[in-house]
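K.L.:
After the structure tokens below, expect a handful of questions from me.
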Amino acid sequence: MSPDYRTRVRSINLHTAAVTTILRVVDDDNDGCETGGILLGSVTSDHADVRHVGGPGPAAIRTSDSFMRDRTYAQKLADYVYDLDRSIWIGEWHTHPSAQPIPSDRDFQTYRTLLCDPELEFNVFIALIVGRLSPGSLTTHLVGWVCTTGRLMAAPVHVKNLTAFDET
């Protein structure tokens, strides 16, 4: 079981390769449907460190108001980066086709379900939501969220100029 960081995670560090992957996926999937993927890295006493991100995968389900990642694709990426640098699944990212990068009720329920699954051993779940500033726009607004079983808090996202594996 991982240490209990449920109330101490205050910021999210996002490595540059992870940002590059998110921006590429958002640009490629600019069709009005949500998209996203998994976040991989580590959680320390005061921050989450996102070293790698996945895209949706070929079997993902994308609609205008929901996104379900391709689980097989995500698992293969998670296995690869764990062997690479011991990064683990710490959360997910997805888009909202509007400017509001705020978790919906469905998002929050999903996070709570994952947190309550004893097999996953999450104490904290990290979420990044990317909102579009206007329909069809390539201009985005990214907000980080730290979720525990009873609390959802916005968290500052800091881009770190570090080298990390890019899924492409």
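K.L.:
Count, please, the residues in the stretch 39-95 that happen to be over 18 Å from Ala127 (Cα atoms) and among the aromatic types (Phe, Trp, Tyr).
P.N.:
Count: 3.
K.L.:
Right, here's the next one. Restricting to the stretch 50-72, name every residue that is surrounded by 14 or more Cβ atoms within 10 Å (Cβ to Cβ) and either more than 12 Å from the chain's Cα centre (by Cα) or among the hydrophobic types (A, V, I, L, M, F, W, C) (or both).
P.N.:
Val50, Val53, Gly57, Ala60, Arg62, Ser66, Phe67, Met68, Asp70
K.L.:
Quick one: in the stretch 89-129, which of the residues that are among the β-branched types (Val, Ile, Thr) and within 19 Å of Arg24 (Cα to Cα) is surrounded by the fewest Cβ atoms within 10 Å (Cβ to Cβ)?
P.N.:
Step by step, filter the stretch 89-129, then rank; the result is Ile129.
K.L.:
Answer yes or no: is there a residue in the stretch 30-49 that is surrounded by 14 or more Cβ atoms within 10 Å (Cβ to Cβ), under 22 Å from Val159 (Cβ atoms) and modelled with pLDDT under 90.
P.N.:
Scanning the stretch 30-49, I find at least one residue that is surrounded by 14 or more Cβ atoms within 10 Å (Cβ to Cβ), under 22 Å from Val159 (Cβ atoms) and modelled with pLDDT under 90, so the answer is yes.
The values are calculated or read from the model by the stated rules, or taken from the named source; none is laboratory data. Quick caveat: nothing in here was measured; it's all calculated off a predicted structure. All Cβ positions, even for glycine, are placed from backbone atoms using ideal geometry, and neighbour counts span all protein chains on display.
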